[in-house]
1. Of the residues that make up the stretch 74-84, is at least one surrounded by fewer than 17 Cβ atoms within 10 Å (Cβ to Cβ) and assigned to a loop (DSSP other than H, G, I, E, B)?
2. Check residue 51 against each of (1) surrounded by 14 or more Cβ atoms within 10 Å (Cβ to Cβ); (2) at pLDDT 95 or above; (3) over 18 Å from residue 105 (Cα atoms) and name the one condition it does not meet.
3. Which residues, taken from the stretch 19-42, are over 14 Å from the mean Cα position of the chain (by Cα) and among the β-branched types (Val, Ile, Thr)?
4. Within the stretch 34-48, count every residue that is surrounded by 17 or more Cβ atoms within 10 Å (Cβ to Cβ) and polar (S, T, N, Q).
5. Taking the condition modelled with pLDDT under 95, loosely packed, with under 14 Cβ neighbours inside 10 Å and acidic (Asp, Glu), does residue 26 pass?
6. Determine the pairs where a residue that is closer than 16 Å to residue 35 by Cα, located within the stretch 1-16, has a partner that is at pLDDT 90 or above and acidic (Asp, Glu) with Cβ atoms under 9 Å apart, the partner being 6 or more residues away or on another chain.
7. Considering each residue of the stretch 85-100, count those that are more than 12 Å from the chain's Cα centre (by Cα), surrounded by fewer than 22 Cβ atoms within 10 Å (Cβ to Cβ) and either within 26 Å of residue 21 (Cβ to Cβ) or not small (Gly, Ala, Ser) (or both), and give that number.
8. What is the residue count in the stretch 109-120 for residues that are farther than 27 Å from residue 20 by Cβ and part of a helix (DSSP H, G or I)?
Amino acid sequence: MTQVATRGAARRKRHDRIRLHLAGTEVRPRLAVFRSLNHIYAQVIDDASGRTLAAASTADKELKGSKATKSAEAAVVGRLVAERAKAAGVERVVFDRAGFRYHGRIKSLADAAREAGLDF
């Protein structure tokens, strides 16, 4: 077995392993989260049809240039993606943390999405 060279490659390997057991359906789409060094992105995806139903990120025009902390921005993204998902008729989702630890910005986003009404 070969060793994984970088943390990014290790995360990608974890994500691929998680995705073997995790899929979004029309009834319960997948809330996928990606965290980069400066931004956080969230999408509600129906894997059966291959469509993104709702999306939000810190790179959106509304949040660009914010002076809040990264965790606070992640919470805003969580609320925003939950509002957009509910507008698209989605109440329940499967949470896909994409190999990132459930901690920090990922946890802030998930908690805010739950408070805004998404069930997962």
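1. Checking the stretch 74-84: not a single residue is surrounded by fewer than 17 Cβ atoms within 10 Å (Cβ to Cβ) and assigned to a loop (DSSP other than H, G, I, E, B).
2. With (1) surrounded by 14 or more Cβ atoms within 10 Å (Cβ to Cβ); (2) at pLDDT 95 or above; (3) over 18 Å from residue 105 (Cα atoms) applied to residue 51, the lone miss is (1).
3. Selection gives 25, 27.
4. Qualifying residue count for the region: 1.
5. Yes, satisfied.
6. Hits for this filter: 15/96.
7. Here the count works out to 5.
8. Residues that pass the stated criteria total 2.
The values are calculated or read from the model by the stated rules, or taken from the named source; none is laboratory data. Note that the structure is predicted; figures quoted are calculated from it, not measured. So basically every Cβ, Gly included, is an ideal-geometry build from the backbone, and we count neighbours across all protein chains shown.
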